[in-house]
Structure formats: C-alpha cells, structure tokens
Amino acid sequence: MWIEELTSGKFKYVERYEDPLTGKSKRVSVLKSNKTRQTQKEAMYILNNKIADKLSQGKFVTKEITFFDLYEEWYTQYKQQVAEGTYLPTKNMLKAVIKDIGNETLVSRIDHRLLSDILDSYLYNKNLSNKYVSIIKTKINLIMKYAIRKEYIVENPIDKVEVNFKKEFKTAKIKDKYLEDAEYRSLIEFTMNHNERYGLLFQWLYLTGMRPGEAIGLLKSDINIENATASINGTLLYRERSIKDMVKSDKTKTAAGMRKIDLSSKTMQIYHKLINLNPKGDFLFQTSNNTPIVMTAINTYLRQHKTEMGIDETKPLSSHIFRHTHISKLAEIGTPVYVIQDRVGHEDSKITQQIYLHVTEGMREKLQSDLELL
C-alpha cells in the first residue's frame, strides 16, 4: 500500500492486486483526511475488503493447463459420450486446430482473436467449406465449455468469435449436390469397366439412397431375399482399425437411420451379382480379397478418376452424391417429401428439402414451357 497526497489536502491510499482473469495488475483506492497510523490501518482494512470483493466477482482459475492437455482430458470423456463414427473423425479434424493453437499454449491465454484468425485461415487459406469450418468451431466450443466446467477458465472465448464465412451461391450449390442423368450414366459406365465392385456399390447407393457408411456396413444377412428388403441397422467401423478388426456398429448415424427399406428388382440383381463375386465373407460389399470396402478408398477413387468419368472438375464428387441423386430422382417422379425422408432415414434434413424444392421447381418450369405446345 502507498499514500498519495492530493491538492485538496486529502490522502489517497492505494493498493495493487492481480486480476485472476487477465493476469494484469489493477488498483483499488480509498480517500482519507489524514495519514495517522490508525487511519493507515483503517485504510489497509478497507482496501483488502475491496480487493476481496473484486476477486469474488469472478472465479479463480484452479490451475493453468495447456490446450493440448485440455483436449486430451476432454477427448477421454467425449469418447464415452458418442459413437466411434463420431469421435474418430473429430480426433482427425482437431489435429490441425491443436497444431495451430499450439500444444504449449495456456488455455487461459486463448482469446477470440486467435480463434477467429485460425478459423478464417481455414476458410480462405486452406479453402475449407463453410460447413466444415462451422463444425470445427462447434468442436472447439465443446472443448472450451468443458474447460469452464473444470474451472480452467471462466469465460468462453468462442462466444465472441464471428466467423467471416464465404459467400455461396445457393442455386449453383444445390445443383452440384446431385448427378444429372448423363453424368450418372458416364460415371457408371467407366466404373463398371474399371472396377466392377465399385460400380455395383455406386449403383446400389443410387437405387437405395442409403448413406455410404450404411451400405458398406451391410451384411449379407441384412438382405431379405424373399421380401426384397434391406435392414439398415449400423455402419462399418474401420477408422484406425486393422482389416481383421473391422466390424459393424450397432447403430446408424441417427435414430431415424434405423429402418427397413424396399429393394427394386434392379437392386436385387446387384445383390445376386455381389454374392457371385464374393461368395465368402459376411459383408455384402467386399474387395477381391474378401475384405470390406472402406469409405476412404471409394472417395479417393472418385476423386482420382473424376475427369475420366466425365464429371466437371468444378463439381464436388464423393460417395454421398449418389444419396442426393436418389433424392432428386424421387422428387422428379413426384414422390412426397415425407416419404423420401422416411426412406433415406432423415428426421429433418435441410438438404433433402433444398434438393426437393430445386427439382420440383425445375419440373414446374418445364411444365410451363410444355403448356405452350398445347
């Protein structure tokens, strides 16, 4: 404590303390009319109470922790809360975040400016999609909320982050979500000549609207030949597993994903071809070595042969596009949207709605031009 004499003749008693939230030095003061020993004791008592009040307005950080250690602690708990198909992709997604924030960076020193810069760099330097960066932000938020619960921090820096998302042209984007008829025919023709097993898988996805993970997780026993139905009740667990350890999960991506769907005659023909190609093994979709086909392999295949398949370079291409194409074809033939959602296992999907409205709007425009022919 120190004393400052003012021009008014009074004395200011001042004391410093460290703000536990910022680590910065701050002051408290009190005015007294003199500086006797008794007054100094009174001033000291008042200042100590003022500091205690200031400190009680926020919680103390219990201990310093690095972002890497925080992530490890959070991830251990996160693994127990979600399915393997969720926590393993999250682990891979956050590797870059940990590197960019820094293993040794103290969580208490992370602010919204650092996180904003990192997320903006993902959008504009790494050219990641708005959706992917939004998911990264959500995962960081989960980690920081955990830090608050553990009292490592008292404020969540992600709350102040406003990501400068890229502008997207929605009409063009929706059309890129599915294949036109000519694109689909060209892709299948190439694939059947180049890799028959992949070609049969892509046709299956197109004809059923199944998620790729649901399809490659199908067991032969999931197909009811007599009723021509498929029971969709899990996905293939393959990430960070050896071939012999690949198994089928006991759940789908969402609760609505657990379903039974009808299979067309074309789809049943594909089933019998697959059985002839791989009479051994439990999985319906297998490689020539009788091992399950994994998602990363088929997506890499699609990217590598995109031009040869006759797909425009600017059009995103992954195994999920067949599911969206199935939705577009059902919309095209007039299937009600609620029936489509039930078939593909969507409780409430924005993308299903967008594709449905886009396709049906195109049908209305065609009808308008057809009316002129009457």
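The values are calculated or read from the model by the stated rules, or taken from the named source; none is laboratory data. What you see is a predicted model; the values in this text were computed from it and never measured. Quick reminder, even Gly has a Cβ in these numbers, built from the backbone with ideal geometry, and neighbours come from all protein chains shown.
In the stretch 204-212 there is no residue that is modelled with pLDDT under 95 and loosely packed, with under 15 Cβ neighbours inside 10 Å.
Just one residue in the set Ile46, Ile101 is touching a helix residue (DSSP H, G or I) at 6+ places or on another chain (Cβ under 6 Å) and either under 27 Å from Arg149 (Cβ atoms) or outside the structural domain of Glu151 (by TED's automatic domain parsing) (or both); that residue is Ile101.
Residue-level analysis places Thr191 among those that are under 15 Å from Ile321 (Cβ atoms) and either crowded, with 20+ Cβ neighbours inside 10 Å or at pLDDT below 95 (or both). For the stretch 82-95, check the following and say yes or no: at least one residue is at pLDDT 95 or above, more than 20 Å from Glu155 (Cα to Cα), surrounded by 15 or more Cβ atoms within 10 Å (Cβ to Cβ) and of a type in the set (A, V, I, L, M, F, W, C). Within the stretch 82-95 (the criterion being at pLDDT 95 or above, more than 20 Å from Glu155 (Cα to Cα), surrounded by 15 or more Cβ atoms within 10 Å (Cβ to Cβ) and of a type in the set (A, V, I, L, M, F, W, C)), the answer is yes, since at least one residue qualifies. In the set Ile143, Ile174, only one residue is within 30 Å of Ser121 (Cα to Cα) and either at pLDDT below 95 or not in a helix (DSSP H, G or I) (or both); that residue is Ile174. Taken over the stretch 224-251, the criterion of being assigned to a loop (DSSP other than H, G, I, E, B) and within 19 Å of the chain's Cα centre (by Cα) is satisfied by Thr235, Tyr238, Arg239, Glu240, Lys251. The residue pairs whose first member lies in the stretch 16-30 and is within 14 Å of Ala43 (Cα to Cα), whose second member is modelled with pLDDT under 80, and whose beta carbons are closer than 7 Å, counting only pairs six or more residues apart or on different chains, are Val28/Lys54.
Taking (1) outside any helix (DSSP H, G or I); (2) in contact with a helix residue (DSSP H, G or I) (Cβ under 7 Å, 6 or more places away or on another chain) in turn, Trp74 satisfies each apart from (1). The set of residues in the stretch 242-254 being over 29 Å from Gln269 (Cβ atoms) and in contact with a helix residue (DSSP H, G or I) (Cβ under 9 Å, 6 or more places away or on another chain) consists of Lys251 alone.
Restricting attention to the stretch 252-277, which residues are in a loop (DSSP other than H, G, I, E, B), touching a Ser or Thr at 6+ places or on another chain (Cβ under 8 Å) and not charged (D, E, K, R)? Thr252, Met258, Leu263 - these are the residues of the stretch 252-277 that are in a loop (DSSP other than H, G, I, E, B), touching a Ser or Thr at 6+ places or on another chain (Cβ under 8 Å) and not charged (D, E, K, R). When Tyr238, Tyr271 are checked against the criterion of being within 17 Å of Glu214 (Cβ to Cβ) and touching a Pro at 6+ places or on another chain (Cβ under 8 Å), Tyr238 stands alone in meeting it. Residues of the stretch 307-346 that are part of a helix (DSSP H, G or I), more than 23 Å from Thr229 (Cβ to Cβ) and charged (D, E, K, R): Glu332 alone.
Yes or no, residue by residue, for (1) surrounded by 14 or more Cβ atoms within 10 Å (Cβ to Cβ); (2) of a type in the set (Lys, Arg):
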residue	(1), (2)
Ser319	yes, no
Phe322	yes, no
Lys329	yes, yes
Thr335	yes, no
Tyr338	no, no
Arg343	yes, yes
Gln353	yes, no
His358	yes, no
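For first residues located in the stretch 324-344 and under 17 Å from Lys177 (Cβ atoms), partners that are charged (D, E, K, R) and lie 6+ apart or on another chain with Cβ distances below 7 Å form the pairs His324/Lys177; Val344/Arg323.
Okay, residues lined up against (1) assigned by TED's automatic domain parsing to the domain that holds Ile188; (2) within 20 Å of Trp204 (Cα to Cα); (3) in contact with an Asp or Glu (Cβ under 7 Å, 6 or more places away or on another chain); (4) touching a residue at least 12 places away in the same chain (Cβ under 8 Å):
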| residue | (1), (2), (3), (4) |
| --- | --- |
| Gly217 | yes, yes, no, yes |
| Asn224 | yes, yes, no, no |
| Thr229 | yes, yes, yes, yes |
| Lys273 | yes, yes, no, yes |
| Ile293 | yes, yes, no, yes |
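Screening the stretch 194-237 for residues that are acidic (Asp, Glu) and in contact with a strand residue (DSSP E or B) (Cβ under 9 Å, 6 or more places away or on another chain) and picking the one that is farthest from Asp342 (Cα to Cα) gives Asp222. For the stretch 243-288, what are the residues that are surrounded by fewer than 12 Cβ atoms within 10 Å (Cβ to Cβ) and hydroxyl-bearing (Ser, Thr, Tyr)? Selection gives Ser264, Ser265, Ser288.
Could you tell me which of the residues Ser134, Ser116 is farther than 16 Å from Ile65 by Cβ and without any contact (Cβ under 8 Å) to a residue 40 or more places away in the chain? Just a single option satisfies the conditions, and that option is Ser134.
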